[in-house]
Amino acid sequence: MIKVMWEVKKLTSKSIIIGSIGGLPNLKRPREYPVCKICGEDLVYYFTFNIDHIQTGIFFSVFYCIKCTGNTTPDLPTSLNSRVSYEECSDLQREYRIFFHPNEEWIGSIVSPLVPATIYGSHSRLLSWAQSHMAGRPSDAELSQNEPGVFMLQIREPVGLKFPVIKDSPNQQAYVLFSDDEEFPYRGYYTFINEIPAYFYASVSKDNEMCGFIITGRF
């Protein structure tokens, strides 16, 4: 298991680079830029993780919609007690896309308003940890007892995870709780899936192709 350090106050000799935020992903641009299946807007590139310790030579990059997801969360799989098929995984990717890829060079323009940053981590002998970590086991009790797919990463931050954005970037739709809430407030940062816990999994096809999906709403 690798503990994820989104905000690093002091690096140690045990700190390792495990990913990056914003900028350009080390991914060759898909034939068609990923768009939201709900609103049709281009997805925003968020971050890339190196999963070499899970799948040799492979990274995964995550794109997410900022325009129509203020009051929604990603669809859950039909069942958490059985493996999610490659086909169902593809259908689940509505407001997000997860690309599994080797180390490549991005070609063309990209929607990436986030301030570029490095993601650090540290190895741990634990199989689970309450906060953000890669590999090992998810800290959610139900998910830990089941295997809907190959567990990749969980994002759980006690005070929420905020991604600073470049000046003059478009606003992200807010999570609207009350009728007088401002729908598109300027905050200078984006959140990811309304700051609730997110668990990343991979489904593997018969041809060994990997598809990523997210399970949310578990505390």
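Please specify each residue of region 186-217 satisfying the condition of being over 15 Å from the mean Cα position of the chain (by Cα) and within 19 Å of Lys162 (Cα to Cα).
Within region 186-217, Tyr186, Arg187, Gly188, Tyr189 qualify.
Need pairs with beta-carbon distance below 8 Å; first residue under 16 Å from Ser112 (Cβ atoms) and aliphatic (A, V, I, L, M) and within region 157-178, second outside any loop (DSSP other than H, G, I, E, B) and open to solvent by less than 30 Å² (accessible area, probe 1.4 Å); sequence gap 6+ or separate chains.
Between residues of region 157-178 that are under 16 Å from Ser112 (Cβ atoms) and aliphatic (A, V, I, L, M) and residues that are outside any loop (DSSP other than H, G, I, E, B) and open to solvent by less than 30 Å² (accessible area, probe 1.4 Å), the close pairs are Val165/Leu114; Val165/Tyr190; Ile166/Leu114.
Please indicate, with yes or no, whether at least one residue in region 95-104 is crowded, with 16+ Cβ neighbours inside 10 Å and in contact with a helix residue (DSSP H, G or I) (Cβ under 7 Å, 6 or more places away or on another chain).
Going residue by residue through region 95-104, those that are crowded, with 16+ Cβ neighbours inside 10 Å are 95-101.
Narrowing further to those that are in contact with a helix residue (DSSP H, G or I) (Cβ under 7 Å, 6 or more places away or on another chain): none.
No: zero hits.
Looking at Phe63, Phe59, which is the one that is at pLDDT 95 or above and either in contact with a helix residue (DSSP H, G or I) (Cβ under 6 Å, 6 or more places away or on another chain) or open to solvent by less than 10 Å² (accessible area, probe 1.4 Å) (or both)?
Details: Phe59 fails: either in contact with a helix residue (DSSP H, G or I) (Cβ under 6 Å, 6 or more places away or on another chain) or open to solvent by less than 10 Å² (accessible area, probe 1.4 Å) (or both).
None of the others qualify; the one that does is Phe63.
Which residue out of Asn81, Asn71 is modelled with pLDDT under 90, more than 24 Å from Met134 (Cβ to Cβ), in a loop (DSSP other than H, G, I, E, B) and of a type outside the set (Ser, Thr, Tyr)?
On the way: Asn81 fails: more than 24 Å from Met134 (Cβ to Cβ).
Within the list Asn81, Asn71, the selection yields Asn71.
Report whether or not Glu104 is in contact with a Leu (Cβ under 7 Å, 6 or more places away or on another chain), in contact (Cβ under 8 Å) with a residue 24 or more places away in the chain and more than 30 Å from Phe184 (Cα to Cα). Step through it out loud before you land on a result.
Details: in contact with a Leu (Cβ under 7 Å, 6 or more places away or on another chain): yes; in contact (Cβ under 8 Å) with a residue 24 or more places away in the chain: yes; more than 30 Å from Phe184 (Cα to Cα): yes.
So Glu104 fits the description; yes.
The values are calculated or read from the model by the stated rules, or taken from the named source; none is laboratory data. All values derive from a computational prediction rather than experimental measurement. We place every Cβ from the backbone using ideal geometry, glycine too, and count neighbours over all the protein chains shown. We work out accessible area using only protein heavy atoms, side chains counted, and drop any ligands, DNA or RNA first. Shrake-Rupley method; radii C 1.70, N 1.55, O 1.52, S 1.80 Å.
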